[in-house]
1. Over 32 Å between Cα atoms, which of K34/K357; K52/K244; K250/K357 qualify?
2. How many angstrom lie between the Cα centre of the stretch 275-295 and the Cα centre of the stretch 46-95?
3. Would you work out which of Q280, A270, T370 lies farthest towards the positive end of the dipole of the stretch 229-372, given +1 charges on the beta-carbon of Lys and Arg and -1 on that of Asp and Glu, about the Cα centre?
4. Net charge near G120: determine it from the other residues with C-beta under 12 Å of the C-beta of G120, scoring Lys and Arg +1 and Asp and Glu -1.
5. Please rank K250, K71, fewest neighbouring Cβ atoms within 10 Å first, as an exposure proxy.
6. Order of E405, E342 from fewest to most other C-beta atoms within 10 Å?
7. Do you know the relative contact order of the chain, to the nearest whole percent, from alpha carbon pairs under 8 angstrom that are 6+ apart?
8. Put +1 on the Cβ of each Lys and Arg and -1 on the Cβ of each Asp and Glu in the chain; which of C257, I391, H230 then has its Cα farthest toward the positive end of the dipole?
Amino acid sequence: MVMADVKTISHQAKIASRELASASIKLKAGTLNKMAVAIRENVTFLQAENKKDVDRAVEKGLSGVMIDRLKLTDRVIESMAVALDEIADLPDPVGKISDMTRRPNGLLVGRMRIPLGVIGMIYESRPNVTSDAAGLCIKSGNAVILRGGSEAFNSNMAIAKILRQAIEDSGINPNAMSIIPVTDRSAVMEMLTLEDDIDLIIPRGGEDLIRTVVGNSRIPVLKHYKGVCHIFVDQDADLDKAYKICLNAKVQKSSVCNAMETLLVDERVADKFLPEMARQFKEQGVEVRGCERTASLIPGIKNATEQDWYEEYLDLILAVKVVDNIKEAIDHIEKYGSNHTEAIITENYSRAMEFLKQVDSSTVLVNASTRFSDGGEFGLGAEVGISTSKIHAYGPMGIEHLTIEKFICLGDGQIRQ
């Protein structure tokens, strides 16, 4: 029954995607606004369903980080509604024509943006992904099939119920947004085989989930295994900026993929920078694990192991390494990084440009926190995911990245000789 249900949902989504692809800009924007209103009008219902998930998570002994991701607070719910309104106001990429050129035979050749079709979202923990994904897919003309984690089952089902009703009330086929209503793992395995109906799979969650999806999918997968994000404090850094940026990158929200996990410090400023930085981290409850040179400057810290350089802690734990120069910092990022987000703190223009050009990650910043690596912060509206694979999108993905370009040709009777 699970396999039959998933096949039916996928086929219905494919039909809905064809209808949605030609929906007007006005209709899609109005639908998103109605979805935002529906979220705001159902806070009590959403939080009652969310409480079931949170209570069960507490009973099962899930970590505080996991429970924090799960909660639908007033602030989280309002941010969901705000994101839907913001997506509604974004320029609509569908139908946009570019690169129109006239060939010698008079044929006009250009490109037009079109939706991908049906997006399959497989995700864990954060129920707000249900709303964000639905909004981005509706705006970009794609149908979406959602499969959230079992820990947020009641929350996801509640959000989906509210949003599907708003979509239907707007005159759009409600199958443009579907949710798989079971927690059985076989539903995911079946979903990954339906390449005739689903055009792209986007997994969001832990590394194990994403590797399982990649290893079993017949459908193209947007990969984002983990976020091992680095900040390099250069010899010409403004240390006051560095203290503020590094603290924010680690502490502002440690449980997310764009939090700093490894701090690299040029040896020329390490003795000035690290003792004070360590004091500030300690005040915020951060456990520092460092290399030998770091340990000599910050007594009492744990020694970092080889595994620490690969680790995505998602917690108040930080690996710190003193490096000889920018070259060693870049080499370290190349070896241990995950192509997610890296930053340099420096007042030296040449080294800032060297870092930007040579660090091969999807987001690279100068004198700013890694926490900015986010679709909303980049003006994309809510993001549907972060790609760390070099496909048609690299980094945070917004509505334009849920479309592709096809060639269009306008002729006047031309034939090929």
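FYI, it's all coordinate maths here, none of it is from the lab. All figures in this text were calculated on a predicted structure; none of them were measured in a lab. Reconstructed Cβ throughout: ideal geometry from the backbone, glycine too, with neighbour counts over all protein chains shown.
1. Numbers: K34/K357 43 Å; K52/K244 38 Å; K250/K357 24 Å.
Correct reply: K34/K357; K52/K244.
2. That distance is 32 Å.
3. Q280
4. Values: positive: K14, R147, R204, R218; negative: E190, E195, D197, D199.
Within the 12 Å Cβ shell, the charges total 0.
5. Numbers: K250 28, K71 19.
Ordered by Cβ neighbours within 10 Å, fewest first: K71, K250.
6. Working: E405 16, E342 29.
Fewest to most other Cβ atoms nearby, the residues stand as E405, E342.
7. Numbers: 847 pairs, mean separation 78.1, N = 417.
The value is 19 percent.
8. Value: I391.
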